[in-house]
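Student: Sharing a structure below in structure tokens format, with a few things to ask.
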Amino acid sequence: MGSLVLFLVIILVQAIHLGHEPAASGGEYVDPELVDKHETFKNPGLHKVEGKDWDYELVFVVSAFNYNPGNVEIPKGAKVKIIATSKDVNHGFEIAHTNVNFMVVPGHISTFTKTFDKKGEYLLLCNEYCGMGHADMKSNIKVVDKK
């Protein structure tokens, strides 16, 4: 009984005092029905940026059994901020053989920053069951030599 009380106290301290909450990274939100009209998600894909701590922003719109864009080429050594949201249900976002692994929740804007140091092809897959076509939900990220 004491362990249970201690556990609940720890959770309350983290939730109230430390401000932890079960939300997507950044706490930013966009109406899932208006994702395609939102400035960030109007043009999914890889975009070069200036004056930030990263070189590129890779924007994904995730929906039933689809990552948009489907295929991406990233220059080797590029630091990329991945920005994603879902239009329908929870999806997983895992780039195989990397440390990129997060949930994409409808309307929440999830971000992850990664430097792609190794040349090669990486499979992007959904690791959160999202319906009948879940097993076919994937994309391809190709890290290539700088041009």
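The values are calculated or read from the model by the stated rules, or taken from the named source; none is laboratory data. Predicted model only: the values in this text are computed from it and were never measured. In this analysis, Cβ positions are derived from the backbone assuming ideal geometry, glycine residues included, and neighbour counts consider all displayed protein chains. All accessible areas refer to the heavy atoms of the entire protein, side chains included, with ligands and DNA or RNA removed. Shrake-Rupley method; radii C 1.70, N 1.55, O 1.52, S 1.80 Å.
Student: Which ones in the stretch 44-65 are within 12 Å of residue 80 (Cα to Cα) and in contact with an Asp or Glu (Cβ under 8 Å, 6 or more places away or on another chain)?
Tutor: 46, 47, 48, 49
Student: How many residues, within the stretch 124-145, are surrounded by 12 or more Cβ atoms within 10 Å (Cβ to Cβ), in a loop (DSSP other than H, G, I, E, B) and of a type in the set (D, E, K, R)?
Tutor: 1
Student: Can you tell me which of 112, 93, 116 is of a type outside the set (Gly, Ala, Ser), open to solvent by less than 40 Å² (accessible area, probe 1.4 Å) and closer than 29 Å to residue 31 by Cβ?
Tutor: After ruling out the rest, the residue left standing is 93.
Student: Output yes when any residue across the stretch 31-51 is out of contact with any helix residue (DSSP H, G or I) (no Cβ under 9 Å at 6 or more places or on another chain), part of a loop (DSSP other than H, G, I, E, B), at pLDDT below 95 and open to solvent by less than 40 Å² (accessible area, probe 1.4 Å), and no when none is.
Tutor: Among the residues of the stretch 31-51, not one is out of contact with any helix residue (DSSP H, G or I) (no Cβ under 9 Å at 6 or more places or on another chain), part of a loop (DSSP other than H, G, I, E, B), at pLDDT below 95 and open to solvent by less than 40 Å² (accessible area, probe 1.4 Å), which makes the answer no.
Student: Still on this structure, please answer the following. Taking residue 23 as the residue in question, decide whether it is modelled with pLDDT of 90 or more and either within 12 Å of the chain's Cα centre (by Cα) or closer than 30 Å to residue 132 by Cβ (or both).
Tutor: Here the answer is no, as residue 23 does not meet what is asked.
Student: Among (1) out of contact with any His (no Cβ under 8 Å at 6 or more places or on another chain); (2) open to solvent by 20 Å² or more (accessible area, probe 1.4 Å); (3) in a strand (DSSP E or B), which single condition is residue 57 missing?
Tutor: (1)
Student: Within the stretch 62-90, how many residues turn out to be open to solvent by 10 Å² or more (accessible area, probe 1.4 Å), farther than 16 Å from residue 121 by Cβ and not in a loop (DSSP other than H, G, I, E, B)?
Tutor: So the answer is 6.
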